[in-house]
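Student: The structure under discussion is supplied below as structure tokens; questions concerning it will follow.
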Amino acid sequence: MAKRQLQLTEQEIGQFRYAETRTRDVHELKRLQAIRMYGTGMRLEDIQNITGAGESSIRQWAMAYRAEGLSGLRSKWQGKNASKLTDEQRQQIKQRLQEYRPVDLQLSVGEYWTVSDLRVAVEQWFGVVYQDETSYQTLLHKSGFSYQRTTKVYRSRPSQAALADFEAELEKK
């Protein structure tokens, strides 16, 4: 087994503890704690159990720390990286979804907005296509629509009116 190359001093451990109290990012906190434990000689299996991180992730974080110090463990995510629509465009979508039905806009024959209808509308209106259906569901939700599960209708089963007529005929006989 290879000898661990990362050994933290008492001063470095103190820096880690201070950084752990200052961060508001849970992912960064997890990295800081994992490398602090790793650098103090704790068994890798124990660190994995505590943090839930994989062995390769812990080793990559250790390499990042050796290369860049504490800044190498900071989160690189900036947020809103997949925002393809502006806030104004989202507001326009909300307004249009409230005013019109898909059948009014000749998008489909449906009376109610569906994910597939919204996909077509967003592409026509703004030229934007999301890869994941969840993005369209989020747009619907933020526009004031809720998910409604369709009811199961069995084609072989007669309608309530037909069933009532049949029972009435049986009683006459």
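Taken together, the values in this text are just the output of simple stated rules run on the coordinates, not laboratory data. Nothing here was measured: the structure is a model prediction, and the numbers come from that model. Counting neighbours? That spans all protein chains shown, and the Cβs are built from the backbone with ideal geometry, glycine included.
Student: Quote the charge dipole size of the range 2-100 about the Cα centre in Debye, to the nearest 20; the model charges only the Cβ of Lys and Arg (+1) and of Asp and Glu (-1).
Tutor: 160
Student: Right, here's the next one. In 5 Å bins starting at zero, report the fraction of Cα pairs in the chain per bin as a rounded %.
Tutor: 1, 6, 12, 11, 8, 5, 6, 8, 9, 9, 7, 5, 4, 3, 2, 2, 1, 1, 0, 0
Student: Toward the positive end of the charge dipole of the range 2-153, about the Cα centre and with charges on Cβ (Lys, Arg +1; Asp, Glu -1), which of 70, 95, 13 goes farthest?
Tutor: The residue sitting farthest along the positive end of the dipole is 13.
Student: Under a point-charge model restricted to the Cβ atoms of Lys and Arg (+1) and Asp and Glu (-1), what is the dipole moment magnitude of the range 78-129 relative to its Cα centre, in debye to the nearest 20?
Tutor: It works out to roughly 220 debye.
Student: Going through the range 56-129, which trypsin sites (Lys or Arg not before Pro) have at most 15 other Cβ atoms within 10 Å and a DSSP loop state?
Tutor: Answer by residue number: 76, 80, 84.
Student: As a test of the formula, what do you get for the chain when each DSSP H run with n ≥ 4 contributes -39,500 (n - 2.57) and the sum is divided by the residue count, at 222 nm and rounded to the nearest 500 deg cm²/dmol?
Tutor: Using -39500 (n - 2.57) per qualifying helix, the result is -17500 deg cm²/dmol.
Student: Could you tell me which of 137, 56, 168 has its Cα farthest along the dipole of the chain towards the positive end, charges placed at Cβ (Lys, Arg +1; Asp, Glu -1), taken about the Cα centre?
Tutor: Farthest towards the positive end: 56.
Student: Find out how many positive minus negative residues lie around residue 43, taking Lys and Arg as positive, Asp and Glu as negative, among other residues whose Cβ is under 12 Å from that of residue 43.
Tutor: Value of the local net charge: -2.
Student: Counting other Cβ atoms within 10 Å, which chymotrypsin sites (Phe, Trp or Tyr not before Pro) in the range 24-129 have at most 16 and lie in a DSSP loop?
Tutor: 77, 100, 112
Student: Treating only the Cβ of Lys, Arg, Asp and Glu as charged (+1, +1, -1, -1), what charge dipole size does the chain show about its Cα centre? Round to the nearest 20 debye.
Tutor: The calculated dipole for the chain is roughly 580 debye.
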